[in-house]
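Working notes for the structure below.
The numbers here are math on the coordinates, done by the rules we state, and not lab data. Because the structure is a prediction, the values reported are computed rather than measured. For neighbour counting, all protein chains shown are included, and Cβ atoms are generated from backbone atoms with ideal geometry for every residue, glycine included.
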Amino acid sequence: MKRTVLIFFLLSFLLTAKTQDKLPSFGKIDKADLEIKDCDFDPGAEALVLFDVGEMEIRYVENLGWLSESIYRVRIKILKASGVDRAQVTLHYYPKNRLEEITNVTGISYNLDENGKIVETKLENRSVFDKTIDNESAEVSFALPNVKVGTVFEYKYRHQRKSYSYIPTWYFQAKIPVKYSALNIVIPEYFLFSTQTTLRQKMDDEKKNETGKWYILRNIPGLKDEPYSAGTRDYIQRVEFKLTGINSPTYNEDFRTTWAKVITELQEDEDFGKAIKKNLKGTSELDAKLALIPSTEEKVRTVYKYVQSNMQWNESYGIYSFKGIKDAWDKKNGSITDINFILVKLLQDAGIDAKPLLVSTKDHGSINTFYPFLNQFNCALAYVKKGEKTYVMNAADKYNPFNLIPYDVLYTSALVVDKSEGGIIKLDSDDKAENTIFFTCSVDADGKLSGQATMNSLGYARNVRMHLHNTARLKEAFEDNSGVNIKVDSLAVNNEKDEMLPLEQKVGLSGGIQSSGDYYFLPYNLFTSLGKNPFIAEDRVTDIDFNYPKKYTVTGSWILPENFSVNELPKNTKMIMPDTSIVLSRIVQHDGNIISTRFTLDLRASGYSADSYPYIKEFFRQLYLILDERIVLKKK
Amino acid sequence: MKKILTFLILVLAVTNAVAQINIYSALSIPDSLKKDADAVVRDEYIKVLVKDKNTARLEVHEVITVLNEQGKKYLSFVQFSDKFHVLDDAEIKVYDILGNKKNTYAQKEMTSLNYGEGLVPEGKVTYFNVNAPAFPLTVEFNYTIKYRGIFSLPGYDMQSPWQSVQHSVFEVEVSSDPGVRYKLVNTNNQPVITHDGNKDIYHWEQKNLIAYKLEKHSGSPYSYEPTVFLGPNKFQLDDYDGDMTSWKNFGDWINNLYLKTTGLPDDKKLFYQAMVKNAVTDREKAEILYSYMQNNMRYVSIQLGIGGLRPFPASFVDDKKYGDCKALSNYLKSALDAVGVKASIVIIQGGMNPRNVLEDFPANYFNHAILCIPQLKDTIWLECTSTTLPFAELGPFTENRKAMMVTDNGGVLVNTPVSNYNTNTESVNTVIEVNADGGAKVNALCTLKGEGRDNLLMRFHDLKDDEKRKYFITEKEWKQPDIFDISTSPNKNNPYVVNAKMEYEKIYSFNAGSKLFFEPRLYPIFDEEIPEYEKRMRDYYFTCPYQAFDTTVYKFPAGYALETMPKNKSVSKPFAQYTCTYTWDVNTHTLSSVALLQIKERVIKAADYTALYDFKKQVMEDVNEKIVMKKE
């Protein structure tokens, strides 16, 4: 009986829902689509989504309860060989308690034969596979048959969810360009949803006399991979939905909320506020240490280091601790949130007023503070405010010290979860990555060199260098210099254990300088790992994110042998961005047989908007030309 | 009397316990075992029990002390289960530096996921990562794997690089029927063999092995790691009975799996016969069909049936126009059969550095399938999963190795072609028209065959224009131009041609007063990683042998005079060759450099490493030379 009802509703749904634009029906294709050679609004693309349409309806079904039922339809044109893989499709769903299911998968591919006739090949049912990954994830996968360059294929399926409150985010944009993307939502009028859109293109205007609401975008270029990009989440064009209220004749509820309400609810939540109250066993080692420490800062540091070293992050996010902090503590393994709840708990046990802090990491996208919904966040950190000092801590990060804001949440907005002192805060800081380098090298009569260098890495630079050091890649990094061959003979690293001090790296080195005929060349930019110019693309779509300001200072001395004379020194130079956000300076002096150089590069801004790209690109072009300049020596 | 016995047992147990405690403490490791080691195998007991051709189990007990962060991989427990192996009863214990037990994790606390790169799940993976609050740290793994069918048996990796071994035992207990075979690789450590009724017991034991270093580009681990391989005599997989004591018998078994998978419907046979009606030789026919396959079929990973060993029938591929390596090879075999060309499936190990197939030890070394059409001269080899390889070329993924050809008379071990540097040729012709301000217009023409071509077709050809420019600058490392236009062969031609037209505001690298320094080339002609070693222990492996030709011509306008140009260079070794000549033409104001680089051998013997390093050093000296021009 259940089944008949369902099918009946499904049929009526299909009959009533009409798309706003007349799309070719399933199985019908215009020959012109098979003759497309390139995408006109994103030339060179490997494939083009001709249309991507979702139609969703939420309604009540007797015996089944509230259901949302979606029919998705996708049609794709293959333009290049690398695009053929698009015809291997994987659809994800949530299988637990049969809350979701994917059914009615059908597909067709269209090709032109040698006579220009359209050939259709259908996807067979038995070539559609349903596989379980684990309790909470499953996927339906299939490969469309007979797909090659020039093929158009399409597929459609039904995705049912047992829910009235969840409308998945609709992404207009994809890795490949999309010609037409449309979502239709049909919901009973007493469910009130608010929407949030991320768009750079204009959505189609509403048309009346249509069932439900349509969201339509056209000619959307594919996503791009760009260096120093904060991730696609702030950029991918989409519409997000959130249930804000129910207003039916028999039932009323307002889900519209404030941050204050959200905080209260979180504190009462079993998997959030109450989860932090659970006691942890086996911390006697920490308790013994803390007993001897009087200062708050030192206590915070000690607890942080204790959790940081004892817990292994399992790479997962999420703002709740579903399995609880006791389980994570026993396994010494958990999500970011599990680990930071443990940190909050142990800080509180040590008499420190620590609070959980909800954040959205940069690759998850920035939050809208006027939109008090939790789905904007992806994990919890620990927060301590003591007088003027604040500490934002992520003990899942093995390298960041307790007194630096983790780089992946720096300058973002976050929510302190606390009834009296909670609310939105901005995670701002003046901290930067600083590398200070001193080197002294002697050159012998044959152009062989020997010398020492001392590098000090502070702030965020310390984390990066510590990571290289622990994974035994520091030597390799120091040997990678352009314009000179340097071999690291000895390497000593100091202050490893004390994250409050700069990481000192002392290097004994030997090697050879480059030459051509009687000319010898010396670089002055050593050990900065500046590598190659990252900004070579002609234009840019996403904002530039350097994570934090960076400063390099290289002070060097070259001691020359008798038989070499200085032929040319690079000019003393200063280059400044118009807004003074980047300053480069180079001073080269020659005194007797010693050449002294001092190079500084100060990247004072942590990022730039995409429209300032032409300036950044030009500055970096000049910068790398300057870095390539050499001191020129000549053999007497 | 009974009392005394109990006492004795008790004492024994206690002494055992005392002796065991040491094993868990990092403090008791002798210094000799810490040198060059990231991890120390403290105590290892691996047992393989083979009951019959359908039933076996692997029992592992392992205690490992991890000394530093580079040894972190030893803290990850990862085991795969599928239809033929099932992980059973796993447990992990963690001990601190003093050997105090800190944690125990049972199998149910580990994460389990289904996995599979293709359309269908291939099995289940169970994993757990142990946290290291500090190093050193000791972990203990205890687990059992049940085998259904002994088609592939576990081996014994005696010692990995950067790892020392304090004590390790490998024991194989097997019923005399079916019995097993073993093979020692990179070791002479013979087992102690005992017999117990109808059981044979093989026992390997080793103590205090000091760590050895891994040098870069040492090839496959199987070329240097001491290992014991086990191979079945008789085996069963699903319901298929087999015998692996000879290549012939192993091939017979594979033949059995392929039974009823070949053969095309009659209309399809006619279709292919019509396609090749103007072709005369087997080679011509095969080329037409291979090209048709490349343009119409595609690779999709779909591992189903008999442990991923049995292909989908040819009719399936005919319908769907896709398949995995076996299905596509088997399909082309069927199509060739229809036009009267006899081809054989070759089961092979794919990869750049394959494990050696030992002729006297038949076993399943393989993970891939290709096709072979035996000819009196120039046997034809076909990689059916590639849409870009030229007809009858294999490339370094399957060249230079032994593989098993499946013939009507069973398996035969064959050698795939040896890579030749002539096949992998890249030529670059660059003309640089320098202007009075030190800028330039550049026209570069790159012509590629073999591996270089295949790489560009896979990673470059289908990119958008801006991504192609980026690839040229970041991957091929061309000097970054200010204006850049790139075009390629319209089709996937062989050779493949790329034409780059570039403009530079400043083409020289730097100046000294009025003297300008120009690079002999705008990209690195040689960029192999060949580090200096005091004494190289193992052979050095290039990806493939190759040659590169470069001609770079600078055309200078009036106002430039030649100050110095590099001397001609020639470096010759038995395995490699480099020459570069520079000429200045006063009349046309043109400076030309012509370079030739040949890496003739893929594998350089450890004894020749000094010569290889010297080769690199000398080539780099020339590559770093500058052309010095004076501006008047």
Just check chain A against the gyration tensor rule for me: Cα atoms, a ≥ b ≥ c as the square roots of the eigenvalues, rounded for a/c under 1.5, and otherwise prolate or oblate depending on whether a/b exceeds b/c.
oblate
Could you tell me how many degrees, from 0 to 90 and to the nearest 10, lie between the Cα long axis of helix A:613-627 and the main elongation axis, the longest principal axis, of the Cα atoms of chain A?
30 degrees
Could you give the alpha-carbon Rg of the stretch A:560-636 over 2.2 N^0.38 Å, rounded to two decimals?
1.41
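In the stretch B:77-159, what is the count of Lys pairs whose alpha carbons are under 19 Å apart, counting only pairs at least 8 residues apart or on separate chains?
Values: B:Lys83/B:Lys124; B:Lys83/B:Lys146; B:Lys93/B:Lys101; B:Lys93/B:Lys102; B:Lys93/B:Lys108; B:Lys108/B:Lys124; B:Lys108/B:Lys146; B:Lys124/B:Lys146.
Lysine pairs, 8 or more places apart or on different chains, close enough: 8.
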Relative packing of peptides A:58-65, B:456-463 - highest average C-beta neighbours within 10 Å first
B:456-463, A:58-65
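Take peptide B:462-469, look around each residue's Cβ out to 10 angstrom, count Cβ atoms belonging to other protein chains, and average those counts.
Working: counts 10, 4, 9, 3, 7, 4, 1, 3.
What the average comes to for B:462-469 is 5.
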What's the lysine pair count for the stretch B:517-626 at a Cα cut-off below 15 Å, pairs eight or more apart or interchain?
10
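B:Lys605: net charge of surrounding residues, Cβ under 15 Å, Lys/Arg +1, Asp/Glu -1, itself excluded?
Values: positive: B:Lys535, B:Arg536, B:Arg538, B:Lys573, B:Lys600, B:Arg602; negative: B:Glu215, B:Asp539, B:Glu601, B:Asp608, B:Asp614.
Once positives and negatives cancel, what remains is +1.
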Which parts of the stretch B:191-211 would a label at B:Ser176 reach, counting a residue when its backbone N lies under 11 Å from a point 7 Å out along Cα-to-Cβ?
B:195-200
Under a crude label model (7 Å from the Cα following the beta-carbon direction), how far is B:Asp241 from B:Tyr45 in nanometres?
3.7 nm
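Report, in debye and to the nearest 20, how large the dipole of the stretch A:384-458 comes out about its Cα centre when Lys and Arg carry +1 and Asp and Glu carry -1 on their Cβ. All intermediate terms of the calculation are to be shown ahead of the outcome.
Numbers: 8 positive and 11 negative charges, 57 e Å.
Here the stretch A:384-458 has a charge dipole of around 280 debye.
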Looking at A:Phe41, A:Val84, A:Ser335, which one has the Cα that reaches farthest to the positive end of the dipole of the protein assembly as shown (charges on Cβ: Lys, Arg +1; Asp, Glu -1)?
A:Ser335
Could you work out Rg/(2.2 N^0.38 Å) for the stretch B:268-320, with Rg from alpha carbons only?
1.39
Does anyone have the angle between helix A:259-268 and the longest principal axis of chain A? Alpha-carbon axes, 0 to 90°, nearest 10?
90 degrees
Counted charge near B:Leu67, where neighbours are those whose Cβ lies closer than 15 Å (Asp, Glu -1; Lys, Arg +1):
+1
As I understand it, the dipole of the protein assembly as shown uses +1 on the Cβ of Lys and Arg and -1 on the Cβ of Asp and Glu, about the Cα centre. Which of B:His85, B:Val623, B:Ser246 lies farthest toward its positive end?
B:His85
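Among the listed pairs A:Lys278/A:Lys426; A:Lys323/A:Lys398; A:Lys305/A:Lys432; B:Lys216/B:Lys377; B:Lys73/B:Lys479, which are separated by more than 32 Å between their Cα atoms? Each step should come with its number before you reach the end.
Values: A:Lys278/A:Lys426 29 Å; A:Lys323/A:Lys398 22 Å; A:Lys305/A:Lys432 21 Å; B:Lys216/B:Lys377 38 Å; B:Lys73/B:Lys479 39 Å.
From A:Lys278/A:Lys426; A:Lys323/A:Lys398; A:Lys305/A:Lys432; B:Lys216/B:Lys377; B:Lys73/B:Lys479, over 32 Å: B:Lys216/B:Lys377; B:Lys73/B:Lys479.
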Calculate the dipole size of the stretch A:105-174 relative to its Cα centre from +1 charges on Lys and Arg beta carbons and -1 charges on Asp and Glu beta carbons; express the result in debye to the nearest 20.
220 debye
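Taking every pair of alpha-carbon atoms in the stretch B:111-267, give the share separated by more than 22 Å as a whole percent. Can you show the working numbers first?
Values: 7745 of 12246 pairs.
Beyond 22 Å sits 63 percent of the P(r) for the stretch B:111-267.
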With just the Cα atoms of chain B, tell me how far they stretch along each of the three principal axes, in Å, largest first.
112, 71, 43
What is the list of residues in the stretch A:566-599 whose amide nitrogen lies under 17 Å from a point 7 angstrom out from the Cα of A:Asp611, following Cα to Cβ?
A:579
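What order do you get for A:508-516, A:303-311, B:172-180, A:409-417 when each peptide is scored by the mean count of other beta carbon atoms within 10 Å, highest first? Walk me through the numbers before you get to the answer.
Working: A:508-516: 19.4, A:303-311: 22.7, B:172-180: 17.6, A:409-417: 21.1.
Ranked by mean Cβ neighbours within 10 Å, highest first: A:303-311, A:409-417, A:508-516, B:172-180.
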Note down the nm distance, to one decimal, between modelled labels 7 Å out along Cα→Cβ at A:Glu476 and at A:Leu99.
4.2 nm
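Mind counting lysine pairs for me in the stretch A:170-245? Cα separation below 18 Å, and the two need to be 8 or more apart along the chain or on different chains. Kindly include the intermediate steps, with their values, before the conclusion.
Values: A:Lys175/A:Lys224; A:Lys179/A:Lys202; A:Lys179/A:Lys224; A:Lys202/A:Lys213; A:Lys213/A:Lys242.
Final tally of qualifying lysine pairs is 5.
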Taking θ as phi - 60°, what are the ³J(HN,Hα) couplings along the stretch B:420-437 by the Karplus curve (6.51, -1.76, 1.60), each to the nearest whole Hz, with x for Gly and Pro?
10, 5, 5, 5, 9, 10, 10, 10, 10, 10, 10, 10, 10, 9, 7, 9, 5, 8
Excluding residues fewer than 8 positions from A:Lys506 in its own chain, the lysines with Cα under 19 Å of it are A:Lys475, A:Lys487, A:Lys497
Qualifying lysines (Cα of each under 21 Å from Cα of A:Lys122; at least 8 residues distant if same chain):
A:Lys28, A:Lys31, A:Lys77, A:Lys148, A:Lys156, B:Lys268, B:Lys320, B:Lys321
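Just tell me, in residue order, which DSSP H segments of chain B are both 24 angstrom or longer along the helix axis (alpha-carbon based) and at least -0.5 in mean Kyte-Doolittle hydropathy. Let's see the in-between values first.
Details: long enough: B:2-24 (34 Å, 1.43).
Sorted by number, the helices that extend far enough and score high enough are B:2-24.
What do the square roots of 5 times the Cα gyration tensor eigenvalues come to for the protein assembly as shown, in whole Å, largest first, as semi-axes of the equivalent ellipsoid?
For the protein assembly as shown, the ellipsoid semi-axes come out as 47, 43, 42 Å.
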Residue among B:Leu394, B:Asn499, B:Gly452 farthest towards the positive dipole end of the stretch B:392-537, charges placed on Cβ
B:Leu394
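Within 10 Å of each Cβ in B:511-522, how many Cβ atoms from other chains are there, averaged over the peptide? Don't jump to the answer; show the numbers that get you there.
On the way: counts 5, 12, 3, 1, 5, 0, 6, 1, 1, 1, 0, 0.
Shielding by partners across B:511-522 averages 3.
Need one value for B:133-146: mean number of C-beta atoms belonging to other chains within 10 Å of its residues' C-beta atoms. Mind dumping the intermediate values first?
Working: counts 9, 2, 1, 0, 0, 0, 0, 0, 0, 0, 0, 0, 0, 0.
Mean partner shielding for this stretch: 1.
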Can you divide the C-alpha Rg of the stretch B:405-531 by 2.2 N^0.38 Å and report the result to two decimal places?
1.42
How far, in degrees from 0 to 90, does helix A:336-349 lean away from the longest principal axis of the Cα atoms of chain A, to the nearest 10?
70 degrees
What size of dipole, in debye to the nearest 20, comes out for chain B about its Cα centre when the only charges are +1 on Lys and Arg C-beta atoms and -1 on Asp and Glu C-beta atoms?
200 debye
